[in-house]
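The values are calculated or read from the model by the stated rules, or taken from the named source; none is laboratory data. No experiment lies behind these values; they were computed from the predicted model shown. No Cβ is skipped: glycine too gets one built from the backbone with ideal geometry, and neighbour counts run over all protein chains shown.
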Amino acid sequence: MRHTGRRRSRTAVSVTVLALLAAASLWLVPAAAPQPGTDVAQARAPGGNGRHRGARPVIVPRTAWRAGTIGTAPPGVRYAPAVKAAVIHHTSTPNGYDCASVPATLRDLYAGHAYGRHWDDIGYNFLVDACGTIYEGRAGGVDRPVIGAHTKGFNEGTVGIAAIGTFDSGERVPEPMLDAIARLVAWKLDPRGPDPRASVALVSTHDEARYPKGTKALLPVVGGHADGYATRCPGAALYAKLPDISARAARMQRG
């Protein structure tokens with residue numbers, strides 16, 4: 001009887017150890033990644049599995065390109081609840097520039113927007129040059145969802161990023177510029193928003209947009225000016241690079 005009792009004791013201990021190991025293994029198994037065909041945008045929606053923001057890139061402030069010399073005081077800034085999408089533009093200025101001359105180009109653009117178009121500030125939230133330098137555009141704080149004046153009908157909830165130059169069909173888009181735009185997109189998009197490669201529903205606020213005021217439009221999370229407004233901006237060459245920018249931004253957000 002004592003021999004039988006010892007056998008039962010060892011068996012009970014073995015079962016207990018196995019149960020503990022099985023429970024511990026549950027903590028070691030990583031969460032399953034979305035499988036092909038999974039709605040990645042849904043997986044990253046508010047209330048989903050955590051944040052997916054990219055690292056903050058270096059951004060040259062307005063003071064460094066002397067925005068204050070234009071002579072207009074920035075107005076009261078308006079903010080959106082979050083940045084849901086990025087709208088890519090080009091500035092339609094000459095290519096082949098020396099990057100040291102970019103601050104002067106920014107001041108010219110600002111003056112054109114403020115005096116030529118009677119806007120209250122430069123329209124773009126950010127501008128990126130051929131060397132990959134990112135500049136703060138519209139005032140209000142680079143880390144906040146500032147409502148710009150870059151895409152009529154879809155300014156609210158988007159970030160306007162302008163590539164300095166003209167990128168019509170046949171033009172080359174510099175690699176440092178593409179990389180910088182992707183890094184900026186990865187950082188600025190809502191950390192709990194949709195995947196950069198996905199689409200997002202935005203409501204038009206102006207009848208002159210591609211979609212009448214009040215229309216809910218499904219637009220790319222990383223799209224071109226032409227997606228929301230009747231224009232050739234950001235040029236055929238840059239527009240063709242948007243899927244590449246989206247993919248890069250998605251990789252950067254995954255760390």
Working carefully through the options T215, T205, find the one that is at negative phi and either in contact with a strand residue (DSSP E or B) (Cβ under 9 Å, 6 or more places away or on another chain) or of a type in the set (G, A, S) (or both). T215
Scan region 188-203 and tell me whether some residue there is over 20 Å from G54 (Cβ atoms), surrounded by fewer than 21 Cβ atoms within 10 Å (Cβ to Cβ) and either in contact with an Asp or Glu (Cβ under 6 Å, 6 or more places away or on another chain) or not small (G, A, S) (or both). yes
Within region 213-236, identify whether any single residue is crowded, with 21+ Cβ neighbours inside 10 Å and more than 21 Å from T91 (Cβ to Cβ), and answer yes or no. yes
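Give me a count of the residues in region 198-216 that are of a type in the set (A, V, I, L, M) and touching a residue at least 60 places away in the same chain (Cβ under 8 Å). Walk me through how you get there before you give the answer.
Applying the first criterion (of a type in the set (A, V, I, L, M)) to region 198-216 yields 198, 200-203, 209.
Filter once more, keeping what is touching a residue at least 60 places away in the same chain (Cβ under 8 Å): 198, 200, 202.
Number satisfying all stated conditions: 3.
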Per the filter on region 71-104, residues surrounded by 18 or more Cβ atoms within 10 Å (Cβ to Cβ) and more than 22 Å from N155 (Cα to Cα) are V102
What are the pairs with Cβ atoms under 8 angstrom where one residue, in region 47-71, is on the phi > 0 side of the Ramachandran plot and modelled with pLDDT of 90 or more and the other, located anywhere, is in a helix (DSSP H, G or I) and surrounded by 13 or more Cβ atoms within 10 Å (Cβ to Cβ)? Sequence gap at least six, or different chains. R66/P103; R66/R107
Mind listing whichever residues of region 79-122 are in a loop (DSSP other than H, G, I, E, B) and basic (K, R)? K84, R117
Residue within region 220-230 that is at pLDDT 95 or above, touching a helix residue (DSSP H, G or I) at 6+ places or on another chain (Cβ under 9 Å), in a loop (DSSP other than H, G, I, E, B) and not hydrophobic (A, V, I, L, M, F, W, C) present: no
Six or more apart or on different chains, Cβ atoms under 6 Å: show the pairs whose first residue is in region 175-197 and farther than 19 Å from D143 by Cα and in contact (Cβ under 8 Å) with a residue 12 or more places away in the chain and whose second is of a type outside the set (S, T, N, Q) and part of a helix (DSSP H, G or I). D195/V40; D195/A41; D195/A250; R197/A250
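Yes/no matrix, rows are residues, columns are (1) of a type in the set (V, I, T); (2) closer than 24 Å to E208 by Cα; (3) modelled with pLDDT of 95 or more:
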residue: P103; (1), (2), (3): no, no, yes
residue: D108; (1), (2), (3): no, no, yes
residue: H113; (1), (2), (3): no, yes, no
residue: D121; (1), (2), (3): no, yes, no
residue: Y124; (1), (2), (3): no, yes, yes
residue: L127; (1), (2), (3): no, no, yes
residue: G132; (1), (2), (3): no, no, yes
residue: G141; (1), (2), (3): no, no, yes
Looking at region 140-171, which of the residues that are of a type outside the set (D, E, K, R), in contact with a helix residue (DSSP H, G or I) (Cβ under 7 Å, 6 or more places away or on another chain) and surrounded by fewer than 17 Cβ atoms within 10 Å (Cβ to Cβ) is farthest from L238 (Cα to Cα)? G170
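Residues are listed down the side, and each one gets a yes or a no for (1) under 18 Å from F126 (Cβ atoms); (2) among the small types (G, A, S); (3) assigned to a helix (DSSP H, G or I):
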{"position": "R183", "(1), (2), (3)": "yes, no, yes"}
{"position": "W187", "(1), (2), (3)": "yes, no, yes"}
{"position": "D190", "(1), (2), (3)": "yes, no, no"}
{"position": "L202", "(1), (2), (3)": "no, no, no"}
{"position": "Y211", "(1), (2), (3)": "no, no, no"}
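Among the residues that make up region 168-179, is at least one of them within 20 Å of P81 (Cβ to Cβ) and not in a loop (DSSP other than H, G, I, E, B)? Show your work before the answer.
Looking only at region 168-179, we keep the residues that are within 20 Å of P81 (Cβ to Cβ), and these are none.
Checking region 168-179: not a single residue is within 20 Å of P81 (Cβ to Cβ) and not in a loop (DSSP other than H, G, I, E, B).
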